[in-house]
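Notes follow the structure.
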Amino acid sequence: MIRPDTILYVDDEAMALKYFERLVRPFAPVLTAGSVEEGRALLAEHAGRIAVLISDQRMPGAYGNELLRHAREHHPGIVRMLTTAYSELGEAIEAINSGEIYRYVTKPWDIDILKADLRNALELATLRNERDGLLREKMLVQQQQLLSQRVGHLAVAAAGFVRPGSAPALYAYLDTALQVGAGAPGIDWHALDHADLAQLEAQRAIAIGQLLARWEPAFGSGADTTDTLAALAQALPGAARVEGSSLVVTDRRVFTWPLEAPTRETPSAASVAWLAWQLWRGQPAQVQAEGDAWRMEPLPASALPVLPDDWMADCIERLGEGRDA
């Protein structure tokens, strides 16, 4: 990952831009823009490089605090600063109080103070970047743990609510989910602590198991593939249709909901219908993307590989890799 190290300065005065660049270039890369719109464009193009944004306040068309507000909303990791004349300090103080900026620098600049403030802002940006990197790593670990828990819950639900010996069918489901790019679920740690998450996930697993048990009688004998596809399409109103010997699915969540859905999203009969169908069929499927839809064709049971003892761990690892990508 590239560490942000660049300072973006926005000012409508060409001489101020040149002077700032000459002043700062010895200790940091600099980008400059002559308007708020140019500043937005540079943020969009170089956000990964920019550590500090400093903007003049009074500019034609839009004020600097509007750009800083935009940066706060869309690029919160960038440290934001405002430079303004003494007569405009009220606007700078308001920007600080509203959380839009880290610091303001009055014009005309005191060179030593400006340099010190910019160096402090770069250091703060580095600390934020390191913190965000650690948080990302922590979230990836927690997502992988939640994914492992969900796969385990599905295994228990399949064995307890559907039928014993369901490992090949569960593998077929996970393999199909991998074909459409399923990964680990997102976690809202701002709203859930560990105990709340564990309780909600357990309740979710029980609800999924109960729904799976209700679905099995709805799919018929399974002797005729066309009939079983029709039953599945009926279980997915508005999200699937039968075309010949295949099923066209228009909502990717049909394949991935039990793995990826937010913890607080209540399971429904339709959300687990595909999982129930594959557990009931016990056969693999081939899925191919077709524009905004996916075409699923059932494969014979002979297409299932002989499962090694660590097949579940392998599926969990591959699903986690899909999330990282």
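Points to keep in mind about this one:
- Qualifying residue in region 248-269 (condition: among the acidic types (Asp, Glu) and in contact with a strand residue (DSSP E or B) (Cβ under 6 Å, 6 or more places away or on another chain)): no
- Taken over region 213-243, the criterion of being assigned to a helix (DSSP H, G or I), at pLDDT 90 or above and either over 16 Å from residue 297 (Cα atoms) or not assigned by TED's automatic domain parsing to the domain that holds residue 281 (or both) is satisfied by 234, 235.
- The set of residues in region 304-325 that are exposed (fewer than 13 other Cβ atoms within 10 Å of the Cβ) and at pLDDT 80 or above comprises 305, 306, 308, 309, 310, 313.
- Some residue of region 99-114 being assigned to a helix (DSSP H, G or I), surrounded by 18 or more Cβ atoms within 10 Å (Cβ to Cβ), of a type outside the set (Phe, Trp, Tyr) and at pLDDT 80 or above: yes
- Residue match in region 244-255 (condition: out of contact with any His (no Cβ under 8 Å at 6 or more places or on another chain), among the hydrophobic types (A, V, I, L, M, F, W, C) and farther than 27 Å from residue 143 by Cβ): yes
- Number of positions in region 268-319 that are touching a helix residue (DSSP H, G or I) at 6+ places or on another chain (Cβ under 7 Å), assigned to a loop (DSSP other than H, G, I, E, B) and under 18 Å from residue 225 (Cα atoms): 4
- Qualifying positions in region 35-63 - in contact with a helix residue (DSSP H, G or I) (Cβ under 7 Å, 6 or more places away or on another chain) and surrounded by 16 or more Cβ atoms within 10 Å (Cβ to Cβ): 36, 39, 40, 43, 50, 51, 52, 53, 55, 56, 57, 59
- Scanning region 162-170 for residues that are modelled with pLDDT of 90 or more and closer than 19 Å to residue 284 by Cβ turns up at least one hit.
- Of everything in region 246-264 that is polar (S, T, N, Q) and farther than 22 Å from residue 193 by Cβ, the residue that is nearest to the chain's Cα centre (by Cα) is 256.
- Options 61, 34: the member that is on the phi > 0 side of the Ramachandran plot, out of contact with any Pro (no Cβ under 9 Å at 6 or more places or on another chain) and not acidic (Asp, Glu): 61
- Residues being in contact with a Leu (Cβ under 6 Å, 6 or more places away or on another chain) and not in a helix (DSSP H, G or I) - total across region 244-266: 2
- When region 14-58 is filtered for residues that are part of a strand (DSSP E or B) and within 15 Å of residue 111 (Cβ to Cβ), only 54 remains.
- Test: residue in region 229-248 that is surrounded by fewer than 16 Cβ atoms within 10 Å (Cβ to Cβ) and touching a residue at least 60 places away in the same chain (Cβ under 8 Å): no
The values are calculated or read from the model by the stated rules, or taken from the named source; none is laboratory data. Owing to the predicted nature of the structure, the values given are computational and were not obtained by experimental measurement. Note that we place each Cβ from the backbone using ideal geometry, even for glycine, and neighbour counts take in every protein chain shown.
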